[in-house]
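Notes follow once the structure below has been shown.
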């Protein structure tokens, strides 16, 4: 349920409401605005007695149920969009964010070359896998700690923030030492032990949709992160598994619009994994802008034919430059639509 306090309610009134919520066995989650405080109460059990009591409490303007099973991440709980600061960039704000880099960190030369090019072309965040979850145990698994150190070196040289995947709750602390954004891959979307650990981490999270997961399941996984203390969650649509074989996955482009209606969290599209073909990445990136995504995450490699992983879907450096040039008029319209929406 959501309890909206009256404008300029006193601290004593707010504390009283929070105490009563806890007495009923619910968790408290507060959003402090310029003029009022909104308090979320989440838990298992009948909320009716608590609602009736809170409606009559001093300083309370209204108390209503949240109908969605995902409470903290729903639009019912928070109408305005969440903005996530990552160094100089703001995901979910007034800038379309591009994250780009290789699927795997392979060497210092490779990651530094890619980082310099994507930074110059306009990307704000460098992606690169230090830990790689692979279908086959015989495929390249990543450079692990050495890969993290190389990403940090690329950040120091270019100013780009870093997004990289964390595979296990045991590695959260180590990855957080190097990464600006912690990525939860599709295979780990419902790794609840990992989600709980990341909920206690102060780094923003990029949560990828599982390859066979519904949007409700994606939002419930996001709820795990927020409920355990981390409100800085970005959702990522990266394609789902269907009967179609022409592309690596099937891009559920409508997921962007649906998520924008259901949640206040930023939504990122991954055209590389959604298609599996570099020839399709740029057009899908333009579609991401048009449908209202907050950004894209794409794979870029100096020589895709020699990539240790996902070469077929990786853009060449020149292809990435061309994609960024072609995106400019679309992004300008995107910015204008954001301004219009904010003033309506």
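Just so you know, all these numbers are worked out from the coordinates, no wet-lab data involved. The structure displayed is predicted, hence computed values, not measured ones. Heads up, the Cβs are rebuilt from the backbone with ideal geometry, glycines too, and the neighbour counts pull from every protein chain shown.
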Within 10 Å of each residue's Cβ, count the other Cβ atoms and sort 291, 97 from fewest upward.
-> 291, 97
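Order of 276-283, 102-109, 229-236, 332-339 by packing, highest average Cβ count within 10 Å first?
229-236, 102-109, 276-283, 332-339
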Compactness index (Cα Rg / 2.2 N^0.38 Å), the chain = 1.04
Quote the FRET efficiency, to the nearest 0.05, computed for residue 108 versus residue 28 with a Förster distance R0 of 35 Å and r equal to the Cβ-Cβ distance.
-> 0.15
Please say if segment 205-344 is rounded, prolate or oblate, where rounded means a/c under 1.5 for a ≥ b ≥ c the square roots of the C-alpha gyration tensor eigenvalues, and otherwise the choice is prolate for a/b larger than b/c and oblate otherwise?
-> oblate
The residues 209, 65, sorted from fewest to most surrounding Cβ atoms within 10 Å, come out as 65, 209
Could you please state, rounded to a whole Å, how far the C-alpha centre of segment 1-56 is from the C-alpha centre of segment 184-242?
-> 27 Å
Rounded tilt (10° steps) of 108-121 against the dominant C-alpha axis of the chain | 70 degrees
Find how much the distance from residue 305 to residue 290 grows on full extension, using 0.36 nm per residue of separation minus their present alpha carbon separation; answer in nm with one decimal.
-> 2.3 nm
Counting helices only, and only those DSSP H runs with n ≥ 4, report the 222 nm mean residue ellipticity of the chain as the sum of -39,500 (n - 2.57) divided by its residues, in deg cm²/dmol to the nearest 500.
-> -12000 deg cm²/dmol
Pairwise FRET efficiency - residue 94 versus residue 19, Cβ, R0 = 30 Å, nearest 0.05 = 0.20
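Is segment 122-246 rounded, prolate or oblate when judged by the Cα gyration tensor, a ≥ b ≥ c being the square roots of its eigenvalues, rounded requiring a/c under 1.5 and prolate requiring a/b larger than b/c?
It comes out oblate by the Cα gyration axes.
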Taking neighbour Cβ counts within 10 Å as the exposure measure, how do 161, 62 sort from fewest upward?
-> 62, 161
Where labels lie 7 Å past Cα in the beta-carbon direction, separation of residue 254 and residue 187 in nm = 3.0 nm
Plugging the Cβ-Cβ distance of residue 11 and residue 212 into 1/(1 + (r/R0)^6) at R0 = 45 Å yields, to the nearest 0.05, a FRET efficiency of 0.45
Residue separation times 0.36 nm, minus the C-alpha to C-alpha distance between residue 174 and residue 277: what's the value?
-> 33.8 nm
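Need the full-extension length gain, residue 62 to residue 152, defined as separation in residues times 0.36 nm minus the C-alpha distance. One decimal, nm.
27.6 nm
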